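Report on one structure; see the data block that follows.
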Amino acid sequence: MAQVSMTVRMDAQLKSAFDALCAQFGMSANTAMNVFAKAVVQRRKIPFEITAGDDVYNKGIEAFNAIRAKAEAGELPELSQDEINEEIRLAREGK
């Protein structure tokens, strides 16, 4: 798919704060904007809230990084799309 550029105007202080927060999430501002745009298009609404700096966030990032390391080392089983969707469904139900 072809890539295009998009210019977003914002206050310099807001841009600086956004860049810093995105770095805490482990992504660039460009990646964050793409994640946001894809989610809005898929769900046809503003779909999520992202927060940072609290214990829940820090524990979540630690868990994500641990799973990422296992996946990169080939220590996790391959899952089918149906298995992935079932895991997501169960997580949303809090199980």
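Miscellaneous remarks
- Counting only alpha carbon atoms, the long axis of helix 12-25 and the longest principal axis of the chain meet at about 10°.
- Here the label points at Asn65 and Val40, each 7 Å from Cα along the C-beta direction, are separated by 3.0 nm in the simple model.
- When peptides 79-88, 14-23 are ranked by their average number of other Cβ atoms within 10 Å per residue, the highest-first order is 14-23, 79-88.
- Share of carbon and sulfur in the accessible heavy-atom surface of the chain [1.4 Å probe, %]: 55 percent
- Each of Val41, Val4 has its accessible area taken with a 1.4 Å probe; listed largest first, they run Val4, Val41.
- Residue-normalised accessible area of the chain, given per residue in Å² at a 1.4 Å probe: 90 Å²
- Matching label, P(r) over Cα pairs in 10 Å bins from 0, in percent computed from the structure shown, candidates (1) 12, 28, 17, 15, 15, 11, 1; (2) 12, 30, 40, 16, 2; (3) 14, 42, 31, 11, 2: (2)
- Between the Cα long axis of helix 81-93 and the first principal axis of the chain there is an angle of about 80°, rounded to the nearest 10.
The values are calculated or read from the model by the stated rules, or taken from the named source; none is laboratory data. Not measured: the values here are computed from a predicted model. Cβ coordinates were reconstructed from backbone atoms using ideal geometry, including for glycine residues, and neighbour counts include every protein chain displayed. Each accessible area value is taken on the protein alone, full model and side chains, heavy atoms only, with ligands, DNA and RNA left out. Shrake-Rupley method; radii C 1.70, N 1.55, O 1.52, S 1.80 Å.
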